[in-house]
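No lab work stands behind these numbers, since they all come straight from the coordinates. The structure presented is a predicted model; accordingly, all values stated were derived computationally and were not measured. Note that each Cβ is placed from the backbone with ideal geometry, even for glycine, and that neighbours are counted across all protein chains shown.
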Amino acid sequence: MKLVRLIANLGYGSRKEVAWMFREGRVTDLDGEVLYADDKLPHERILLDGEPLDPPPGLVLVLNKPLGVTCSRKDQGRVVYDLLPPRYRLREPALSTVGRLDRDTAGLLLFTDDGALLHRIISPRTHVPKVYEATLAEDLRGHEAELFASGTLLLESETTPLAPAQLEVLAPRHVRLVLTEGRYHQVRRMFAATGNRVETLARIAVGDLTLGDLPPGQWRALAADEVAQIFAAPL
Ligand code: URA
């Protein structure tokens, strides 16, 4: 791929704007040699203003999503893309969230520009566990774990029952719930179906991947071995 297109696809500017960057001599190789718009060179050998380029396509990011931001490209309020560098919103192929978390849910949110990978993570068929922690408005009644594990729970206005889910009781109003699917407001609706209400909700893991010490609002790119952790322990 010609360099002008490669750099424009990373969201640094339109092709016209990137073409100007070449004319201004801002794009060089590792030895400082000025490069031209139609040169071809491996990604890792290119510098823009002396800095390495953002990672090439095949990118996977993890964000510790704070409360109050929406998983959408544009919304009235704050969106998750506001927490990434502005050019990440302009990349081609597009960087998408891997499923969604509600505005009032915190925790582990993945982004990728790899459609096949995205599908593999969210598809119920691959049984990738999505692990949530919730606090509840009322004490558990005692029947919830069996109901969620049964594979028969039908949420309001749905026609297919939920896949079996694992509930671990941490305290009478504090639970860990492991799902392999991601239906709309699923955790909240599951507890609503038991006459309870979720007060706080956070996703703490996807597969074996956790947030580690990533603070709320911060993100980082995942290495290949970390992406592999997502698929390490299917349910
Ligand atoms: N279930 C919910 O209810 N909300 C989320 O954000 C994720 C799972």
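Which one, HIS43, HIS127, HIS143, has the greatest fluctuation when you compute a Gaussian network model over the chain with C-alpha springs under 10 angstrom?
For the chain, modelled as a Gaussian network with Cα springs under 10 Å, the answer is HIS143.
Where does the charge balance sit around LEU214 when Lys and Arg score +1, Asp and Glu -1, over other residues with C-beta under 14 Å from its C-beta?
Value of the local net charge: +1.
What are the residues whose amide H is under 5 Å from the amide H of ALA106, where those residues sit 5 or more places off or on another chain and H is modelled from the backbone?
Under 5 Å from the amide H of ALA106: LEU201, ALA202, ARG203.
In Å, what is the Rg of the alpha-carbon atoms in the chain, and how long is Dmax?
So, for the chain, Rg and Dmax equal 21.5, 70 Å respectively.
Please list 218-225, 190-197, 109-116 highest first by mean number of surrounding beta-carbon atoms within 10 Å per residue.
Packing proxy ranking, top to bottom: 109-116, 190-197, 218-225.
Show me 152-165, 176-189 ranked by packing, highest mean number of other Cβ atoms within 10 Å first. Don't jump to the answer; show the numbers that get you there.
Values: 152-165: 13.5, 176-189: 17.6.
So the peptides 152-165, 176-189, ranked by packing, come out 176-189, 152-165.
What are the residues whose amide H is under 5 Å from the amide H of PHE231, where those residues sit 5 or more places off or on another chain and H is modelled from the backbone?
Under 5 Å from the amide H of PHE231: ASP208.
Once a ≥ b ≥ c are taken as the square roots of the eigenvalues of the Cα gyration tensor of region 7-59, is the result rounded (a/c under 1.5), prolate (a/b larger than b/c) or oblate (a/b not larger than b/c)? Mind dumping the intermediate values first?
Numbers: a/c = 1.69, a/b = 1.08, b/c = 1.56.
Oblate is the answer for region 7-59, as a/c is 1.5 or above yet b/c matches or exceeds a/b.
Could you please report the charge total around ASP38, scoring K, R as +1 and D, E as -1 over all other residues with beta-carbon less than 14 angstrom from its beta-carbon?
Values: positive: LYS2, ARG5, ARG15, ARG23, LYS40; negative: ASP39.
Result for the neighbourhood of ASP38: +4.
What nm value, rounded to one decimal, do you get for the distance between ARG87 and GLU138 when each label is placed 7 Å out toward the C-beta?
5.3 nm
Once you list every other residue whose beta carbon is under 12 Å from the beta carbon of GLY195, what net charge do they have if Lys and Arg are +1 and Asp and Glu are -1?
Computed value for this residue: -1.
Counting helices only, and only those DSSP H runs with n ≥ 4, report the 222 nm mean residue ellipticity of the chain as the sum of -39,500 (n - 2.57) divided by its residues, in deg cm²/dmol to the nearest 500.
The per-residue figure over the chain is -5000 deg cm²/dmol.
Name the residues whose placed amide hydrogens come within less than 5 Å of the amide hydrogen of LEU35, ignoring near sequence neighbours (fewer than 5 apart) on the same chain.
It is VAL27, THR28, ASP29, by chain and number.
Pull out the extension gain between ASP213 and VAL178, defined as 0.36 nm times the separation in residues minus the alpha carbon to alpha carbon distance; nm, one decimal.
Contour length minus the Cα-Cα distance gives 10.5 nm.
When the Karplus curve 6.51 cos²θ - 1.76 cosθ + 1.60 is applied with θ = phi - 60°, which whole-Hz ³J(HN,Hα) does each residue of region 78-88 get, with x for Gly and Pro?
Each residue's phi maps through the Karplus curve to give 6, 10, 4, 5, 5, 8, 9, x, x, 6, 5 Hz.
Hey, with R₀ at 22 Å, roughly what FRET efficiency would ARG197 and ARG78 work out to, going by the Cβ-Cβ distance, to 0.05? The partial results should precede the final answer.
On the way: r = 25 Å, r/R0 = 1.13.
My answer for the efficiency is 0.35.
Could you work out the relative contact order of the chain, using alpha carbon pairs under 8 angstrom and six or more residues apart, expressed as a whole percent?
Reported as a whole number, the value is 21 percent.
Considering only the chain, what is the antiparallel percent among its DSSP beta bridges, to the nearest 5?
So the antiparallel bridges in the chain amount to around 90 percent.
Determine ³J(HN,Hα), in whole Hz, for all residues of region 49-66 in sequence, where each value follows from phi through the Karplus function 6.51 cos²θ - 1.76 cosθ + 1.60 and θ = phi - 60°; x replaces Gly and Pro.
6, x, 10, x, 6, 4, x, x, x, x, 7, 10, 10, 10, 10, 8, 5, x
Could you pull out the trypsin sites (Lys or Arg not before Pro) across region 5-49 that fall in loop regions by DSSP (anything but H, G, I, E, B) with no more than 13 other Cβ atoms inside 10 Å?
Taking region 5-49 and a limit of 13 other Cβ atoms within 10 Å, the loop trypsin sites (Lys or Arg not before Pro) found are LYS40.
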